[in-house]
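What follows is a short report on a single structure.
The values are calculated or read from the model by the stated rules, or taken from the named source; none is laboratory data. Bear in mind the structure is a predicted one, so any value in this text is a computation, not a measurement. Here the Cβ positions follow ideal geometry from the backbone for every residue, glycine too, while neighbour counts run over all protein chains shown. When the accessible area is computed, the model is the full protein with side chains, heavy atoms only, and any ligands, DNA or RNA have been set aside. Shrake-Rupley method; radii C 1.70, N 1.55, O 1.52, S 1.80 Å.
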Amino acid sequence: MVKETKFYDLLGVAPTADDNALKKAYRKLAMKYHPDKNPEAGEKFKEISMAYETLSNPDKRRLYDQAGEQGIKEGGGGGGGFGGSNPMDIFDMFFGGGDPFGRGGRSRGPRRTKNLVHQLSVSLEDMYNGTVRKLALQKNVICDSCDGIGGKAGAVQKCPNCRGTGMQVRIQQLGPGMMQQIQSMCQECHGEGERVDPKLRCKKCNGRKVNRERKILEVSVDKGMEDGQKVTFSGEGDQEPGLEPGDIIIVLDEKAHSLYKRNGSDLVMKMDISLTEALTGMRKTVKTLDDRTLVIQTVSGEVIKTGDLKQVQGEGMPQYRNPFEKGRLIIQFNVVFPASLEPSVAQALAGILPPAEEPMIPDDHDEVDLNDFDPETDRQNQNHRHQYDDDEEGHGHGHGGPGVQCASQ
C-alpha cells in the first residue's frame, strides 16, 4: 500500500507498474511536453521528469511509497531527494546521453542542427516478422536557388539595428542615479547579426535561406525489435547554412495486441477452457503472429486449474539480430464454470468425482439460507439507506427543535 499516488498519476501508470511500463510512459509524456515541442508546458515537463526520476530509482521509489513526496524532498535522512536534478539531464540520459532535440549539448565537433524525433506505431506482428515502413515528414532543406545565401550576390548585409552583434542593449532608469542595462535578441535580424536586402531577396525562399520540403523515410523494423527502440538516420535532420544537419530519430511504439502480451523475448496469452476440458483433457489451436496454427493438448487425467501456466519452447518473440532463436509462448489458463447444473447431472457427477468430505454436524445447530452477494449493489443500498436516514433526521429536527411548531398569528 503506497502513501500517495501523485507521481504514478503524473505518468499515468498503476503503483504496481514495472520498469518497462515506467519507461514507456515517461518516453511518451516527455516527448509530448518537452519545451522544444511544447514551450508552454515547462512545469508539466518538470513534474513528469521528477516523477520518473523518483520511481525509476528503487531506493527513492521505496521511500516515496512509504513517505510520499514530502519524504523525497526531505531525503529520508539520506539526502535522496530530487534536489538539483535537471529535467533536461534526465531526458538526455534517458535517450542514451544524446539529445534527440539537439539543444547544442555537444562540446566537441562542428555545430549541428537539432535532431528530429518521431514516434512510429508498430504492431506486434511487424516486430515478430520484420517489415519496412514508410514515414513522411517535413524538414528544412537549403534553398537550391540561392545556395543558402538568401538572395543575390551582395544581398546579405550587416544588420544596422544591432550592428552585427545580434543583440540589442537598452538602458532603463530605475531611480535617481540608478540605471539598468537590459540585453535582448535583435528583432530586426532575429539574433543572426545580418539581414537580407529586401530588394535582392531570393524569390524561392524569400530570404529564409531554407525551404520546407517533404521527406519520405523507409524505416526498417527488424525482427525482435522492442518497444522504445530507436532507429537513427544520421545527417537527415534539418539543414541550415553553416551547420551540419542533425539526425532523424525514429522511436518505435509497440501497439497493444488483442491476444498476446510481450514480456522480453516471451509471449504471454490467456486461454479460457471449459470445466469439461479442465477435468478430462483439452485440445486447442493457437494462431501465431506469423499466421501458423499450433495445436496444444493435455494428457488424459491431467487436471488444469485457473491460473495454471504452461509453456511452449521456441514459439515466443525472435531475438533481435538473431531471429532464429526465439523465446517461449506462455499460456495462462482460466477455467470457465457452467452457470448451473441440472440436479440429475449434479448427482451423476457426484457419483463419478471423488467423494465430498461430510462435515460433523452437532444436534444443536441452525439451518440458514445462502444467497448471492453483489458488493456494488450492496454499496448502493447502503448509500440509499444512509441518505434516507439523513432525510428523516432533517425533518425531525427543525429550527425549533423536535416537536416545536411556530404559532401562526
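Tell me, which residue of the range 301-344 that is acidic (Asp, Glu) and in contact with a Gly (Cβ under 9 Å, 6 or more places away or on another chain) is farthest from Met127 (Cα to Cα)?
Filtering the range 301-344 for residues acidic (Asp, Glu) gives 302, 308, 315, 325, 342.
Pick out the ones that are also in contact with a Gly (Cβ under 9 Å, 6 or more places away or on another chain) and you get 302, 315, 325.
Numbers: Glu302: 35, Glu315: 14, Glu325: 14 Å.
Step by step, filter the range 301-344, then rank; the result is Glu302.
Within the range 326-341, how many residues turn out to be open to solvent by 80 Å² or more (accessible area, probe 1.4 Å) and within 16 Å of Arg262 (Cα to Cα)? Spell out how you get there, then give the answer.
Quick first cut of the range 326-341, residues open to solvent by 80 Å² or more (accessible area, probe 1.4 Å) only: 328, 337, 339-341.
Narrowing the set further to residues that are within 16 Å of Arg262 (Cα to Cα) leaves 328.
Number satisfying all stated conditions: 1.
Considering only residues that are in contact with a helix residue (DSSP H, G or I) (Cβ under 7 Å, 6 or more places away or on another chain) and open to solvent by 40 Å² or more (accessible area, probe 1.4 Å), which ones fall in the range 46-60? Talk me through it step by step, then tell me what you get.
Initially, the range 46-60 is screened for residues in contact with a helix residue (DSSP H, G or I) (Cβ under 7 Å, 6 or more places away or on another chain), giving 46-49, 51-56, 60.
Matches in the range 46-60: Lys46, Glu47, Ser56.
Yes or no, residue by residue, for (1) more than 30 Å from Pro338 (Cα to Cα); (2) not acidic (Asp, Glu):
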| site | (1), (2) |
| --- | --- |
| Arg262 | yes, yes |
| Ala278 | no, yes |
| Glu302 | no, no |
| Gln311 | no, yes |
Result of the Cβ filter at 8 Å on the range 143-160, keeping first residues that are in a loop (DSSP other than H, G, I, E, B) and modelled with pLDDT of 90 or more and partners that are open to solvent by less than 80 Å² (accessible area, probe 1.4 Å) and of a type in the set (Lys, Arg), at least 6 apart or interchain, is Cys143/Lys209; Cys146/Lys209
Apart from one, (1) without any contact (Cβ under 8 Å) to a residue 24 or more places away in the chain; (2) loosely packed, with under 10 Cβ neighbours inside 10 Å all hold for Gly307; the odd one out is (1)
Residue hits (the range 168-181; open to solvent by 70 Å² or more (accessible area, probe 1.4 Å) and not in a loop (DSSP other than H, G, I, E, B)) are Val169, Arg170, Ile171, Gln172, Gln173, Leu174, Met178, Met179, Gln180, Gln181
Contact list, first residue from the range 199-216 and over 15 Å from Asn140 (Cβ atoms), second anywhere and among the small types (Gly, Ala, Ser) and open to solvent by less than 100 Å² (accessible area, probe 1.4 Å), beta-carbon distance below 6 Å, six or more apart or interchain, is Leu200/Gly151; Leu200/Ala155; Arg201/Gly151; Arg201/Gly207; Ile216/Ala136
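Just to be sure, is Arg133 under 46 Å from the mean Cα position of the chain (by Cα) and not small (Gly, Ala, Ser)? Can you show your working first?
Details: under 46 Å from the mean Cα position of the chain (by Cα): yes; not small (Gly, Ala, Ser): yes.
For Arg133, the condition - under 46 Å from the mean Cα position of the chain (by Cα) and not small (Gly, Ala, Ser) - is met.
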Would you call Ile296 over 30 Å from Met127 (Cα atoms) and in contact (Cβ under 8 Å) with a residue 24 or more places away in the chain?
no
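For the range 254-286, how many residues are of a type in the set (D, E, K, R), touching a residue at least 24 places away in the same chain (Cβ under 8 Å) and open to solvent by 60 Å² or more (accessible area, probe 1.4 Å)? Steps first, please.
Step one: filter the range 254-286 for residues of a type in the set (D, E, K, R), giving 254-255, 261-262, 266, 270, 272, 277, 283-284.
Next, only the ones that are touching a residue at least 24 places away in the same chain (Cβ under 8 Å) stay: 254-255, 262, 266, 270, 272, 277.
Within this subset, residues satisfying the condition of being open to solvent by 60 Å² or more (accessible area, probe 1.4 Å) are 255, 270, 272.
Residues meeting the conditions: 3.
Would you check which residues across the range 200-229 are surrounded by fewer than 14 Cβ atoms within 10 Å (Cβ to Cβ) and acidic (Asp, Glu) and list them?
Glu213, Glu218
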Conditions (1) surrounded by 10 or more Cβ atoms within 10 Å (Cβ to Cβ); (2) modelled with pLDDT of 90 or more -> Ser344 fails only (1)
